[in-house]
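The values are calculated or read from the model by the stated rules, or taken from the named source; none is laboratory data. Every value quoted in this text rests on a predicted model; they were computed, and no experiment measured them. In this analysis, Cβ positions are derived from the backbone assuming ideal geometry, glycine residues included, and neighbour counts consider all displayed protein chains.
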Amino acid sequence: MNHIDISDIVQDFHHHVALNRNVILSGAFGSGKSYMLDEFKKTYYDEFNTITIYPINYAVSDSADIMEYIKHDVIFQLVQEGYITEKTDFSEAASAIFTPENVGKLATRLLANIPGGNLIADAIEAGMEAKETYDDKKKTVSKFMEGFQKAGSIYERDVYTEMIRLGLDEGRRRDGKKWVLIIEDLDRIDPKNIFRLLNVFGAHLDCRYVSGEEAETNKFGFDKIVFVLDYKQTTDMYNQYFGIDAENSWEGYISKFLSSQPFYLKSVAAIARKEVLQFIARECRLDEDIIETIFADSYSVRSLSKVSSDNFESFLRTRSIDLPDGKSLATDCQLTRLLFYLQQLNGNMNRIREISENHPIEYVSILAPVILYHHQSSNLCIDYVLPDRKREYDIDVIDGESDADLHKFFIATVSSNGNVDVKSVSSVCNAVEIRSSSFLYKLMSNVIDRFCEEFTRYRVFSE
């Protein structure tokens with residue numbers, strides 16, 4: 001379908017990011033946080049370079065290990081984007097933070113994860129040259145500094161940290177853009193690990209007095225950090241995990257990470273749902289209230305954004321259906337299009353029956369191809385209305401659950417291109433007619449399954 005337009009929300013978020021160094025993007029699961037961030041990245045590509053990490057991958061690690069994994073991910077993305085290359089000068093970084101064990105760690109990590117032998121060789125060579133300077137340092141100073149270099153230390157400035165700084169600086173020099181670190185899906189991990197990660201980042205948000213660089217806002221030197229989570233859910237987790245205590249309140253805890261109130265994302269899912277269902281209504285040639293009834297389930301923005309008319313042709317096993325009287329029906333019809341979009345959203349075709357009460361004519365119209373193709377039933381009669389009207393069929397549904405001799409009649413007209421148009425003989429839709437149309441689904445349910453398997457690639461679900 002066409003692009004889901006959330007430009008107003010993206011602009012509001014951009015304004016919020018521009019005013020704050022550290023941001024919490026808050027929204028319930030499935031509300032469209034990731035989709036909005038993707039739109040933000042594309043819209044403001046000329047202003048920001050972004051790196052996104054997914055801490056759910058580190059949930060089983062200790063706090064110290066988490067920082068190592070994070071640095072690995074950041075470096076890997078900087079290498080992929082060409083901000084760290086074999087031409088990167090590591091001499092200044094290595095001389096600033098060299099310890100003997102760093103050489104082995106650097107070589108092992110780079111060999112395992114970063115392509116380019118020249119890059120590895122240059123980094124190790126720079127480290128070895130710095131060793132001579134390091135050997136002249138006093139042992140007491142060395143011991144003191146080694147504590148700073150310990151993995152996980154809030155003051156740690158190891159080779160990987162400096163590589164990140166070099167990569168970010170290269171990006172600023174080359175592109176003139178600001179750097180945004182996006183920490184995704186914090187609301188998808190358990191409370192213990194959420195607060196472990198927040199503690200790790202909170203300890204690195206302000207290291208100016210260590211580095212002496214007034215422009216820095218965090219350990220790695222990113223201009224902006226965006227934490228992505230459900231703020232209310234995380235508040236409840238904190239209170240449950242630590243207890244409600246005035247001295248250790250959630251507000252005091254989270255204030256370390258925030259420059260202002262969170263950015264609350266509420267409307268992306270509603271906008272996406274409205275636009276996608278309008279699109280499906282047009283594709284199926286049905287009123288929007290009918291589509292709303294059939295697609296009444298809740299869908300994530302991620303699912304809605306993937307809805308597309310692409311591949312509909314391959315969804316159909318055949319282009320036409322031969323009727324018993326020799327005429328043909330088109331398989332591109334309301335029913336097959338509904339099935340196509342229901343499948344994309346993991347829906348169930350049994351939801352179609354729910355429109356029978358308020359929309360009996362449209363309901364029979366949707367099922368018309370099945371009715372005309374499979375009508376062997378004592379409760380369902382199909383005949384030509386008149387001999388000279390060779391493409392009109394009289395559909396008579398006899399509801400055995402209602403009073404005798406009370407029928408529901410429809411006229412189905414098949415056009416020259418195989419499309420079916422259904423009209424009711426009666427202009428009044430009474431209770432008997434409603435029962436009859438509902439009864440029709442029960443009568444045809446097994447036949448509908450066979451129709452789906454024979455003419456489409458729809459996965460038939462059992463109720």
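Close Cβ contacts (under 8 Å, 6 or more residues apart or on different chains) running from residues in the stretch 159-185 that are of a type in the set (S, T, N, Q) to residues that are part of a helix (DSSP H, G or I) and modelled with pLDDT of 95 or more are absent.
Among the residues of the stretch 149-168, write down those that are assigned to a helix (DSSP H, G or I), of a type outside the set (V, I, T) and modelled with pLDDT under 80. Listed by number, the list holds a single entry, Q149. For the stretch 340-373, a residue qualifies if it is among the aromatic types (F, W, Y) and under 33 Å from the mean Cα position of the chain (by Cα), and the qualifying residues are F340, Y341, Y363. Return yes or no: is Y299 of a type in the set (F, W, Y), outside any loop (DSSP other than H, G, I, E, B) and either modelled with pLDDT of 80 or more or surrounded by 15 or more Cβ atoms within 10 Å (Cβ to Cβ) (or both)? No, not satisfied.
Within the stretch 22-47, residues that are in a helix (DSSP H, G or I) reach partners that are among the polar types (S, T, N, Q) and modelled with pLDDT of 90 or more with beta carbons closer than 7 Å, at six or more positions or on different chains, in the pairs K41/T50. Please state which one of F315, F295 is more than 17 Å from the chain's Cα centre (by Cα) and farther than 20 Å from S365 by Cα. Exactly one of F315, F295 is more than 17 Å from the chain's Cα centre (by Cα) and farther than 20 Å from S365 by Cα, namely F315. Checking the stated criteria, F242 turns out not to satisfy the condition of being within 29 Å of F40 (Cα to Cα) and touching a helix residue (DSSP H, G or I) at 6+ places or on another chain (Cβ under 8 Å). Pairs linking a residue in the stretch 255-267 that is touching a residue at least 24 places away in the same chain (Cβ under 8 Å) to a residue that is buried (at least 16 other Cβ atoms within 10 Å of the Cβ) and among the charged types (D, E, K, R), with Cβ atoms under 8 Å and 6 or more positions apart or on different chains, are S259/R21; L265/K33. Just wondering, is there one or more residues in the stretch 321-335 that are crowded, with 20+ Cβ neighbours inside 10 Å, at negative phi and assigned to a helix (DSSP H, G or I)? So far as the stretch 321-335 goes, yes, one or more of its residues are crowded, with 20+ Cβ neighbours inside 10 Å, at negative phi and assigned to a helix (DSSP H, G or I). Of all residues in the stretch 169-186, those that are part of a helix (DSSP H, G or I), at pLDDT 90 or above and in contact with a strand residue (DSSP E or B) (Cβ under 7 Å, 6 or more places away or on another chain) total 2.
So which residues in the stretch 27-59 are buried (at least 21 other Cβ atoms within 10 Å of the Cβ), modelled with pLDDT of 90 or more and more than 15 Å from the chain's Cα centre (by Cα), if there are any at all? N49, I51, listed by residue number.
Rundown of residues vs (1) exposed (fewer than 14 other Cβ atoms within 10 Å of the Cβ); (2) assigned to a helix (DSSP H, G or I); (3) of a type in the set (D, E), yes/no style:
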{"residue": "F227", "(1), (2), (3)": "no, no, no"}
{"residue": "T235", "(1), (2), (3)": "no, yes, no"}
{"residue": "Y238", "(1), (2), (3)": "no, yes, no"}
{"residue": "I244", "(1), (2), (3)": "yes, no, no"}
{"residue": "Y253", "(1), (2), (3)": "no, yes, no"}
{"residue": "Q261", "(1), (2), (3)": "yes, no, no"}
{"residue": "L277", "(1), (2), (3)": "no, yes, no"}
{"residue": "L286", "(1), (2), (3)": "no, no, no"}
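Of the candidates I9, I75, I56, the single residue that is within 19 Å of D190 (Cβ to Cβ), part of a helix (DSSP H, G or I) and in contact (Cβ under 8 Å) with a residue 60 or more places away in the chain is I56.
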